[in-house]
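What follows is a short report on a single structure.
What follows is calculated from the coordinates using simple rules that are stated; it is not laboratory data. These numbers come from a predicted model, not from an experiment. As a convention, Cβ positions derive from the backbone with ideal geometry for all residues, glycine included, and neighbour counts pool all protein chains shown.
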Amino acid sequence: MNAPLSKIPPLPARARQLLKSVFGYDDFRPGQEQAIAWVVAGQPLLAVMPTGSGKSMCYQLPALIDGGLTVVVSPLIALMRDQVSQMKSLGIAAATLNSLNSEAEADETWAQLRAGELRLLFVSPERLAMDGLRQSLRRLGVKRLAIDEAHCVSEWGHDFRPEYREIRRAVEALGDVPVLALTATADHNTRADIVERLFGAPPEIIVHSFDRPNIDLAFAAKDQPRRQLSEFLDRHRGQNGIVYCSSRARAESLADYFLQNGHEAFCYHAGMELRDRNRNQDRFQREDGVVAVATVAFGMGINKPDVRFVCHADMPSSVEAYYQEIGRAGRDGLPAHTLTLYGLDDMALRRRQIDERDVSDERKRIEMRRLDALIGLCEASGCRRQTLLAYFDETSQPCGSCDVCQGKVQLYDGTIDAQKALSAVVRTGQRFGAAYLSDILTGQASDQITRNGHETLKTFGVGRDKAKQAWSAVFRQLFAVGALASASEEFGGFCLTQKGDDIMRGRETIHLRDAPVKRERAARPGKGGRVAPSANLDDVDETLLAALKKLRREIARDEGVAAFMVFPDRTLIDMVEKRPATLDDMSRVHGIGQRKLSRYGDAFLEAIATAS
């Protein structure tokens, strides 16, 4: 649990000076100051902080304060290299040892290590497992070990990586140096596993609010998913985004479809050639207005602050995975948007996968409860944010900005409709699926229905007042709440549960969602269509912002770095709003420290003066 404020060690006075002079920030983000105080005091710490909360500052600033070497364990080479580039752009001595290093790069890194010049060394868990590296680092002296994406150590986590299990041995080999474990998503089971497997003694534990108020949440049942995704992307044309898919084939198909419709889209999945994956990931990091259409293989190595939207073309694997994936949007604190599509097939597939796993019954029960929590979030009748945060044991007020709070989800007393649907399941022998049963209810005598003699049933045609699509939605929701279960793993179909029997016999009521109303599709702009306005910029001069982005893009191209490594969008927006006229004015802009002020200040002052 979080430590009482009286117990938190005092933070050195120069911490805030460095925060401003190096990073350009006037104050800490929520949770950072407490975590950094523990780290500087040499205490082991597990920090659970949401994506975008500035977790990396919890090891970057201590490395500058005490001047020692911090070894950072990071899961992906691309992420390590990006972080090293960012640190160097701030004047911080950082390097990485990985398999893509040239001989010259490796030699330079070792020379800096021996000279005691490095403050941050990034390595993968596999590299840290090498005895030779451990021994060398112990001789050179390591102040602390920071472990990013620490949930990867736990089988309860959604990104389990066996090589993370070796980190504890590395800690011991380094002389039991203090450990800082960082993650954005970890429930009680995962946190307990992290503590057991990474720490020799109980650490301080900080669990910061999981709330990301700048991210709007929206869900929709699948109804022509390509149309739904296209309409969403059209509203965010020209912005950076990610569309997650459940399979490689689906990612490839949707990427092609979006390309044909004028979006700067590309595909990413683990089955692609490494060269192609790296090229596409670099493109996403460096360019503006690109859409990654990907499996979950894409994302952990992404360190791009201005992702404006994340879509799920299929239901995510868990609430934790959903939270981690949408957390890649809006890391700059500006508004971001999400859309998650889900369907009955998604739910049935996930349940079948759990049933078929070769794990203990207890593990299956826990995973089924997690799936039920995800389905509950999809079908939530109350505020999405409240439902999501409640999963992480956090209470909140209605957010006012999710699709439910905005009245886009309408509920009605669906008990009678549910009884009709459940009766159709029973009267047809509890072995048919939603499409067949919807035909029964709407009175459509297909050849199969006629062969089975089901057109003579009392339930045949009792639901003519609703479209087949609406009845399909009823069956999906009954399955989601556990009133229906899969009748057969091999052939599918529905059977009633005890809950379903209670509803059918009037012992329980149920509220259902109205089926979505078809909307006229807005005309889709072509590739040269209007670019969507930047987030949160209703009162900001878009012309000046465009000029600053153009300058940033040119500098980034010349230096061979991602545009946000020059300045993130939030810094450019602050420039537009403050209109600095001198270097002293520029130093007060959010995110501009001394290094970047001296490096880029004059060029951006000139751009502002020219455009004004």
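Among the listed pairs LYS20/LYS88; LYS420/LYS458; LYS408/LYS499; LYS304/LYS408, which have their C-alpha atoms separated by more than 19 angstrom in this model?
Flagged as over cut-off: LYS408/LYS499; LYS304/LYS408.
Per DSSP H run of n ≥ 4, the term is -39500 (n - 2.57); total these for the chain, divide by its residue number, and report the mean residue ellipticity at 222 nm rounded to 500 deg cm²/dmol.
Helices in the chain give a 222 nm mean residue ellipticity of -13000 deg cm²/dmol.
Enumerate the amide H contacts of HIS312 below 5 Å, restricted to partners 5 or more residues apart or on another chain; note that Pro and chain-start residues carry no placed amide H.
For HIS312, the qualifying residues are TYR244, LEU339, THR340, LEU341.
Give me TYR600, TYR322 sorted ascending by neighbouring Cβ count inside 10 Å, so fewest comes first.
TYR600, TYR322
Going by how many other beta carbons lie within 10 Å of each one, how would you line up LEU79, LEU46, fewest first?
By the 10 Å Cβ count, ascending: LEU79, LEU46.
State the answer as a single residue: which of LEU133, SER488, ALA173 lies farthest towards the positive end of the charge dipole of the chain, with beta carbon charges of +1 for Lys and Arg and -1 for Asp and Glu, about the Cα centre.
Checking the options against the dipole of the chain, the answer is SER488.
Going by average Cβ density within 10 Å per residue, which order do the peptides 348-358, 16-26 take, highest to lowest?
With the highest mean Cβ count within 10 Å placed first, the list reads 16-26, 348-358.
Evaluate the charge dipole of the stretch 5-207 about its Cα centre and quote only its size in Debye, nearest 20, assuming +1 on the Cβ of each Lys and Arg and -1 on the Cβ of each Asp and Glu.
520 debye
Translational D (Stokes-Einstein, µm²/s) of the stretch 411-513 at 20 °C and 1.002 mPa s when Rh comes from the Kirkwood sum over C-alpha pairs?
D = 161 µm²/s.
Could you tell me the center-to-center distance, by alpha carbons, between the stretch 535-612 and the stretch 31-107 in angstrom?
Each part's Cα centre sits 25 Å from the other's.
Sort 62-71, 444-453 for me by packing, meaning the mean count of neighbouring Cβ atoms within 10 Å per residue, highest on top.
Ranked by mean Cβ neighbours within 10 Å, highest first: 62-71, 444-453.
Please name whichever of VAL291, ILE215, MET315 sits farthest to the positive end of the charge dipole of the stretch 215-391, dipole taken about the Cα centre and charges placed at Cβ: Lys and Arg +1, Asp and Glu -1.
Checked the options; the winner is ILE215.
Any idea what diffusion coefficient the stretch 335-414 gets from Stokes-Einstein, in µm²/s, Kirkwood Rh on alpha carbon pairs, 25 °C, 0.890 mPa s?
170 µm²/s
Counting only Cα atoms, I'd like the Rg/Rh figure for the stretch 542-611, Kirkwood definition for Rh.
My calculation puts Rg/Rh at 0.91.
In debye, nearest 20: dipole of the chain around its Cα centre with unit charges on the Cβ of K, R (+) and D, E (-)?
380 debye
Among ALA563, ALA603, ILE573, which residue has its Cα positioned farthest towards the positive end of the charge dipole of the stretch 542-611, with +1 placed on the Cβ of Lys and Arg, -1 on the Cβ of Asp and Glu, and the dipole taken about the Cα centre?
In the stretch 542-611, that residue is ALA563.
Give the order of GLU204, GLU606 when sorted by the count of other beta carbons within 10 angstrom, beginning with the fewest.
Ordered by Cβ neighbours within 10 Å, fewest first: GLU606, GLU204.
Dipole magnitude of the stretch 411-513 about its Cα centre, charges +1 at Lys/Arg Cβ and -1 at Asp/Glu Cβ only, in debye to the nearest 20?
160 debye
Evaluate 2.2 N^0.38 Å with N set to the residue count of the stretch 5-207, then give the Cα radius of gyration divided by it.
0.96
Using the Kirkwood formula over every pair of different C-alpha atoms, what hydrodynamic radius in Å results for the chain?
26.5 Å
If you count, for each residue, the other Cβ atoms within 10 Å and average over each peptide, how do 396-403, 34-41, 432-439 line up from highest to lowest?
Going from most to least packed, we get 34-41, 432-439, 396-403.
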